[in-house]
Amino acid sequence: MLKMVVHLFFGIFLLSSFVLFAPHVAGATEEYAKQTGQACAVCHLDPGGGGELTAAGKTFADSRHSRSEKPEKRLFFKGFRLVIGYIHFLTAIFWFGTILYVHLILKPAYAVGGLPRGEVRVGVISMIVMGVSGSILTFYRVNSFDMLIHTRFGTLLLIKIGLYLVMVLSALYVVNVIGPRLKAKRKEPSLSGPAGEFTLEDLASYDGKEGRPAYFAFEGQIYDATQSVLWRQGVHIGRHNAGNDLTEALKLAPHGREKVTALTVVGKLAAAGPRKAPLHERVFFFMAHMNLTIVFLIILILSLWRWW
């Protein structure tokens, strides 16, 4: 898995490098304004540039194309760019939406017992699709390396690419280094305190995976959900994982607390004493919040492109 992911991202890196350094003919860019000495609004209906062209913009754009180029060919590439751009934005919605959902609804702490496969799968696929589609779009939009460093669009694009690479590298590290360490915390069920009293560390062992019981804490009590059809493999409706204190999470559930208290009580949750999280957990939380910050920065860049 690691080797395959590394090879895929290496391929994206090579493709991106080719896009950034290979000169080619591009569509409308800020260089148009430089060459004509006119504002973006002269060629675009949107004063900020981009999007549908005015009559003057269409005339100028046509002058940039080779006379021998067939209109059908131009129409094909225009449609191709539209499809790739649609995929790019759709993937960004899935990827960024997952990150926001984890932080605002589930909270990153729910993954400290092991990275959920669903979120990992969405993240890896999204990064690959974003890298490939972004490289293709850059190929059509950027016609020289000089444009990247001397135009506002190019500068923002370089910053966006840099933020994307930071997210990719941090994801590779979390999935392949931090993830296994988080999962290793899951051990055979045992109790370190008095009989019937579970610490959070003890509870983490009862995650419902690999034949282990599925216990969770709610309002100080430990409930056994092992036999419940709603807790298969220790996961409830794809959101709540056994082995954790779910008091706050289950308060947001659509059902009442009676659904929880109907389960068998097997013990009490011990009072939490001072605990310093191990280094790999602290790194995990740092990278999780770092990626959330990067999401907001990328959205800011898109806003600057469009409206500033």
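Some values worked out for this structure:
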{"read-out": "Residue within the stretch 210-233 that is within 24 Å of Tyr173 (Cα to Cα) and not assigned by TED's automatic domain parsing to the domain that holds Ile99 present", "value": "no"}
{"read-out": "Residue in the stretch 116-132 that is out of contact with any helix residue (DSSP H, G or I) (no Cβ under 9 Å at 6 or more places or on another chain) and closer than 28 Å to Trp307 by Cβ present", "value": "no"}
{"read-out": "Residue tally, condition buried (at least 18 other Cβ atoms within 10 Å of the Cβ) and of a type outside the set (Ser, Thr, Tyr), over the stretch 214-237", "value": "11"}
{"read-out": "Count of residues meeting criterion [in a loop (DSSP other than H, G, I, E, B), modelled with pLDDT of 85 or more and either farther than 22 Å from Ala270 by Cβ or hydroxyl-bearing (Ser, Thr, Tyr) (or both)] in the stretch 207-246", "value": "3"}
{"read-out": "Selected residue [closer than 29 Å to Phe96 by Cα and touching a residue at least 24 places away in the same chain (Cβ under 8 Å)] from Leu269, Leu297", "value": "Leu297"}
{"read-out": "All helices (runs of 4 or more DSSP H) inside the stretch 78-186 with 2 or more residues being within 30 Å of Asn241 (Cα to Cα), of a type outside the set (Phe, Trp, Tyr) and over 15 Å from the mean Cα position of the chain (by Cα)", "value": "179-184"}
{"read-out": "Check on Pro71, crowded, with 17+ Cβ neighbours inside 10 Å and at pLDDT 65 or above", "value": "no"}
{"read-out": "Filtered residues of the stretch 195-204 (kept if part of a loop (DSSP other than H, G, I, E, B) and touching a Leu at 6+ places or on another chain (Cβ under 9 Å))", "value": "Thr199"}
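The values are calculated or read from the model by the stated rules, or taken from the named source; none is laboratory data. Everything quoted here is computed from the prediction, not taken from an experiment. Note: ideal-geometry Cβ built from the backbone for every residue, glycine included; neighbour counts use all protein chains shown.
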